[in-house]
Protein chains: 2
Amino acid sequence: MARKSLVDEVADELLDRIVAGEFPPGSGVPGELELSARHEVSRMTVREAMKTLVARRILRVERGRGTFVNPLNQWSSLEAVLRAASEGQEDAAVAVQLIELRRMLETGAAELAASRITAEELTEMDGQLAQMRAAHEENDVDRFVAADLAFHDLILHASGNVFVAVLFEPLTRILASRRAQTSKVVQIQINAIAEHANIMDAMRSHDTERARLAMDRHMEQTLNDLLAYVLEP
Amino acid sequence: MARKSLVDEVADELLDRIVAGEFPPGSGVPGELELSARHEVSRMTVREAMKTLVARRILRVERGRGTFVNPLNQWSSLEAVLRAASEGQEDAAVAVQLIELRRMLETGAAELAASRITAEELTEMDGQLAQMRAAHEENDVDRFVAADLAFHDLILHASGNVFVAVLFEPLTRILASRRAQTSKVVQIQINAIAEHANIMDAMRSHDTERARLAMDRHMEQTLNDLLAYVLEP
DNA sequence: GACATGCAAGATGTCTGACATCTTACATTC
DNA sequence: GAATGTAAGATGTCAGACATCTTGCATGTC
């Protein structure tokens, strides 16, 4: 695993400061020379870091004037947008809203996938469900989470809609850490396995409405589990 | 209007070549020295251009080995994905996928909005519907499109889920131009007005399932209109 | 022949020092 | 007050250099 480059260090720190509100939308950020001095790197390295933020439309450069933060609605990196939107909100509200969002995308994806999924994909989903069961028996949370995420990822790809996969991808990273936390609760694992089995049945039936309802039920269960075992005790 | 920078020229040309299929996902692209010679710019300029594509996860860099094109579903810029997905594929498939995506997000948002929408927001929606009617009478397509988009935007924000609204923003830019094209067809305008009125009624009733179904019907109508009036004649 | 080691070539990562161009504020002149 | 010029600040680009990683090939050893 390669060490993080200097360019990424500069870019990430600047984005952290933007998301934290140090440079609100419309305000200027420190110039190249200032950041060069701050990080003790060459100006070229700072320029490259800036370019990564400009490419995501988080920043805009005005030659001779400086570099400015764009309004959130212009950012084109979904991951950055989600980070910024989470900032300053209570973690409970964030968790609930993320499940609402998942519900929209994943019930829709399940509906599409039910009519488009291949036999190979169904076999793979079965494999991941078996992984979840085995991980549950061995109390291996990491393995459980990986299988859980893979199961959902298969449905997203089986939807055959590339935009769905792209839109969901930034969520995956956010969800992985949260999933690790919730999956430590044994009852949540048991519920997830049952819901996935239900979804499996629906997929095999190729009934789009049944698949949508099965995923919807899973999201409802997920929200209930979150409230019962994580947020409210 | 500032002249396009050299960095943008290099980056845009490379992206054009990727989208055109000259460098398919998984393949390597020309190295820094080669692009520097090709464009007669310094290697640093090429590096900055590359960084803009890396930041959008179109490219990944492997030090000592080269720079490679990522699979489409890893790209983080919806606009770039749309361009690549449109290439070599019929525009019909892309348009259908975009409506599928809208269907997921907007039926979900309508469901949430029905229970959360304020009287002020309902009044505003009414205003936009009236704008659509007036624009239809006056055959003012731009005004019609603006009111149409504003109506939908209100629902997204009334959902009270901050992630939905921000996640949908990049789509809005893509949809605006497509909406302008479809709204030139008078019958499509008539249908949209009827569907929006139906959604209005559902929102006023605060019945979440009714709202979801109303929006679903609108998306179905939108898909049918696209097929009947734009794609198939 | 199989394996280990070293070296060169190719590729990216970063730096220094320099000059070009644009923007803005201030001073000077009419 | 308006117009002009200048200096300072900020970004845009360049050339040349060295560092570090990867890979393939040649050579040596067992």
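The values are calculated or read from the model by the stated rules, or taken from the named source; none is laboratory data. Since the model is a prediction, treat every value here as computed from it, not as a measurement. Because the Cβ atoms are built from the backbone with ideal geometry, glycine has one as well, and the counts that use them run over all protein chains shown. Side chains included, ligands, DNA and RNA excluded: accessible areas come from the protein's heavy atoms. Shrake-Rupley method; radii C 1.70, N 1.55, O 1.52, S 1.80 Å.
Filtering A:LEU35, A:LEU53 for residues that are open to solvent by less than 30 Å² (accessible area, probe 1.4 Å), within 13 Å of DNA strand C (Cβ to nearest atom), part of a helix (DSSP H, G or I) and at pLDDT 95 or above leaves a single hit, A:LEU35.
Under the condition of being closer than 14 Å to A:LEU53 by Cα, among the aliphatic types (A, V, I, L, M) and at the interface with chain B (Cβ under 7 Å from one of its Cβ atoms), the residues counted in the stretch A:76-98 number 2. What number of residues within the stretch A:102-123 satisfy the criterion of being touching a Phe, Trp or Tyr at 6+ places or on another chain (Cβ under 9 Å) and either without any contact (Cβ under 8 Å) to a residue 60 or more places away in the chain or at the interface with chain B (Cβ under 8 Å from one of its Cβ atoms) (or both)? Here the count works out to 2. Among the residues of the stretch B:18-28, those identified as under 28 Å from the mean Cα position of the chain (by Cα) and in contact (Cβ under 8 Å) with a residue 12 or more places away in the chain are B:ILE18, B:VAL19, B:ALA20, B:GLY21, B:PHE23, B:PRO24, B:PRO25, B:GLY26, B:SER27. For the stretch A:29-50, the candidate set comprises residues that are within 8 Å of DNA strand D (Cβ to nearest atom) and of a type outside the set (Asp, Glu); within that set, the residue that is nearest to the chain's Cα centre (by Cα) is A:MET50.
The condition (being among the charged types (D, E, K, R), in contact with an Asp or Glu (Cβ under 7 Å, 6 or more places away or on another chain), assigned to a helix (DSSP H, G or I) and within 30 Å of A:GLU62 (Cβ to Cβ)) is satisfied by just one residue among B:ARG47, B:ARG17: B:ARG47. Is it the case that some residue within the stretch A:7-20 is at the interface with chain B (Cβ under 8 Å from one of its Cβ atoms), open to solvent by less than 70 Å² (accessible area, probe 1.4 Å) and among the basic types (Lys, Arg)? Scanning the stretch A:7-20, I find no residue that is at the interface with chain B (Cβ under 8 Å from one of its Cβ atoms), open to solvent by less than 70 Å² (accessible area, probe 1.4 Å) and among the basic types (Lys, Arg), so the answer is no.
Among the listed residues A:GLU62, A:GLU106, which satisfies the condition of being assigned by TED's automatic domain parsing to the domain that holds A:SER205 and charged (D, E, K, R)?
Just one listed residue meets the conditions, A:GLU106.
If the condition is being more than 12 Å from DNA strand D (Cβ to nearest atom) and more than 9 Å from every other protein chain (Cβ to nearest Cβ), then the stretch B:58-75 contributes B:ILE58, B:LEU59, B:ARG60, B:THR67, B:VAL69, B:ASN70, B:PRO71. Here B:HIS157, B:HIS136, B:HIS196 are screened, and the one residue that is farther than 25 Å from B:ASP91 by Cβ and open to solvent by 70 Å² or more (accessible area, probe 1.4 Å) is B:HIS157.
Among the residues of the stretch B:169-184, those identified as open to solvent by less than 10 Å² (accessible area, probe 1.4 Å) and within 26 Å of A:ALA165 (Cβ to Cβ) are B:PRO170, B:LEU171. Of the residues contained in the stretch B:91-100, none is found to be among the acidic types (Asp, Glu), over 23 Å from B:LEU226 (Cβ atoms) and either part of a loop (DSSP other than H, G, I, E, B) or more than 16 Å from DNA strand D (Cβ to nearest atom) (or both). Any residue in the stretch A:48-55 that is touching a His at 6+ places or on another chain (Cβ under 8 Å), within 10 Å of chain B (Cβ to nearest Cβ) and in contact (Cβ under 8 Å) with a residue 24 or more places away in the chain? Within the stretch A:48-55 (the criterion being touching a His at 6+ places or on another chain (Cβ under 8 Å), within 10 Å of chain B (Cβ to nearest Cβ) and in contact (Cβ under 8 Å) with a residue 24 or more places away in the chain), the answer is no, since none of the residues qualifies. Those helices (runs of 4 or more DSSP H) of the stretch B:123-211 in which at least 1 residues are among the small types (Gly, Ala, Ser) and within 21 Å of A:PRO71 (Cα to Cα), considering only elements entirely within it, cover B:141-158, B:162-182.
The set of residues from the stretch A:56-87 being part of a loop (DSSP other than H, G, I, E, B) and surrounded by 16 or more Cβ atoms within 10 Å (Cβ to Cβ) comprises A:ARG56, A:ARG57, A:ILE58, A:ASN70, A:TRP75, A:SER76, A:SER77.
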